[in-house]
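> Sending over a structure as structure tokens; questions will come in a sec.
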Amino acid sequence: MGAKKNKDKAAVNEIKQALEGKIKQSVIVPEFLTASSRFRFKCYPGIGCFTKCCSGIKIILSPYDIYRLKNRLGKTYLEFLNEHTVPMTIEGSSLETVGLRMLDDDGRSCPFVTPEGCTVYTDRPLTCRYYPIGMGMMKKDTGTTGEDFFIKVKEDHCMGHNEEKVWTVQEWRQDQESDIYDEMNNDWMAIVLKAKTLGKVEFSQRSLQLFFIVSTNLDLFRDMAFTQKFISAYQLDEEALKKLAEDELELLKFSLKWLRFVTFNEGDFKVDQEARQKAKEKLIAQAEEEMKRRREEDPIIED
């Protein structure tokens, strides 16, 4: 029993340290929360601190965040990436992706916030949906990921914790629709969490390039997925191709399952190895070019 408590405490402290680097003047409450844990919180227009949490933070964008935001803004992937993101390294790993580009003002404000609130509220990123809760995942002795756990974030300026409204963590996730985001990002998060579990493992340059491009630009993945080389490599039938061609969300889910498979060999794919290697080469070349361009335009921000 004592050993389990020590593991729980260590896991909470790990997330605490990570979050304290991102949230200014915050107190990460060292309290182990589960989906059924209860907490008080309410945010609404008119509360004295309204929108103060929308500045001075680094927001890593998940693949589903990017999908929702680029559609909300009527942008292509490339347009959205160029206008609204900067390269970032995911804390605790060597993986590179993108984060939201904040305004160049004194408070480093979110570009989508106004005094009246968030202008993209129904499509806001997962980080914003979870607030004031932080999410982590326990590591099993086998090195694989285990059950989710949560901690509370209390910033000095936030008055929402003084409100009477009580939630369970699961009720909050459902109310904020963060559970949908978690489901869509499941394979991507599995890669990130495993990379963190392994520490700053030395991924090959090709693996890093593939992670970056599949995480950020579905259009480039689409260009590869519908080539004859890729179709042959992964033995996609006509029905599967039709589904991927007609539904961008299905293509996104497929791309993340594929990324998990080529990164850690996890998942169920029928593969022609020779054709697979040829198919990867095209995306790797595109990824290398795109990463070089982004690094030249914007310096990488360490998350």
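> Under 6 Å between Cβ atoms, which residue pairs at least 6 apart in sequence (or on different chains) link something in segment 64-80 that is in the same structural domain as M184 (by TED's automatic domain parsing) and within 16 Å of R129 (Cα to Cα) with a partner that is of a type outside the set (G, A, S) and outside any helix (DSSP H, G or I)?
Y64/N185; D65/P125
> Taking the criterion of being under 27 Å from R293 (Cβ atoms), free of Cβ contacts under 8 Å to residues at least 40 places away in the same chain and of a type in the set (S, T, N, Q), would at least one residue in segment 178-188 satisfy it?
Checked segment 178-188: no residue is under 27 Å from R293 (Cβ atoms), free of Cβ contacts under 8 Å to residues at least 40 places away in the same chain and of a type in the set (S, T, N, Q).
> Is it true that I213 is of a type in the set (V, I, T), within 14 Å of Y64 (Cα to Cα) and not in a loop (DSSP other than H, G, I, E, B)?
When the stated conditions are applied, I213 passes them.
> Do the conditions hold for D187, that is, is it modelled with pLDDT of 90 or more, in a helix (DSSP H, G or I) and more than 24 Å from S37 (Cα to Cα)?
Here the answer is yes, as D187 does meet what is asked.
> Criterion first (modelled with pLDDT of 75 or more, among the aliphatic types (A, V, I, L, M) and surrounded by fewer than 17 Cβ atoms within 10 Å (Cβ to Cβ)) does L249 satisfy it?
Here the answer is yes, as L249 does meet what is asked.
> Suppose we filter segment 191-215 for residues that are within 15 Å of L252 (Cβ to Cβ) and either surrounded by fewer than 20 Cβ atoms within 10 Å (Cβ to Cβ) or modelled with pLDDT under 90 (or both); how many remain?
The number of residues fulfilling the criteria is 0.
The values are calculated or read from the model by the stated rules, or taken from the named source; none is laboratory data. Here the structure is a predicted model, which is why all the values come from computation and not from measurement. With ideal geometry, Cβ positions are generated from the backbone for all residues, glycine too; neighbour counts draw on all protein chains shown.
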